[in-house]
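Have a look at the structure below, then the notes.
What follows is calculated from the coordinates using simple rules that are stated; it is not laboratory data. All values derive from a computational prediction rather than experimental measurement. Please note: Cβ atoms are built from the backbone with ideal geometry, for glycine as well, and neighbour counts cover all protein chains shown.
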């Protein structure tokens, strides 16, 4: 990672809303209406904004994101670590748990990522690699800013897939 780089939480979003936030809101509404039935009138318009099944979809998205992340950490980045299970639990807590991450847009610095147990090498330790990464980053940014491209995938063989929309004149 670069010194100015950051990663973000991997908390799931459903319909453009944070899955954890939706679940928390339903639980809060349930608790408040049980404690004080007069709060039904407050909660009704809030809960009516949700379509049927959204709560279940959010709960499943949370479970699924944890399963996928756990599997990738156990079989990938942390596979050879003897303390793998503790590291996986700490990483999941810091990357997915909404009370910790607080917002999907949160920036997690290289220091925070290291505190979660990941081995991260600063990009500036290898100037040649840093130059290559920044060159690709800038080329992609310029492509997105100056064309209708919004998805760009290219492999090491020079094969590419580019999705774009017509750019307004």
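Exposure proxy ranking for 63, 53, based on other Cβ atoms within 10 angstrom of each Cβ and starting from the fewest, stands as 53, 63.
Take the Cβ atoms of residue 32 and residue 97, set R0 to 25 Å, and the FRET efficiency comes out at 0.65. The mean sequence distance of close C-alpha pairs (under 8 Å, at least 6 residues apart), as a share of the length of the chain, puts its relative contact order at 28 percent.
Using C-alpha pairs below 8 Å separated by at least 6 residues, the relative contact order for region 57-140 is 19 percent. Counting every other Cβ atom within 10 Å of each residue's Cβ, 42, 142, 55, 73 order from fewest to most as 142, 42, 55, 73.
A full extension of the chain between residue 144 and residue 39 corresponds to an added length of 33.1 nm, given 0.36 nm per residue minus the alpha carbon distance. By the count of other C-beta atoms within 10 Å, a proxy for reagent exposure, 83, 11 are ordered fewest to most as 83, 11. Helical runs assigned H by DSSP (4 residues or longer) give the chain a calculated mean residue ellipticity at 222 nm of -17000 deg cm²/dmol, each run adding -39500 (n - 2.57) before division by the residue total. If R0 is 25 Å, the Cβ-Cβ spacing of residue 159 and residue 10 corresponds to a FRET efficiency of close to 0.35.
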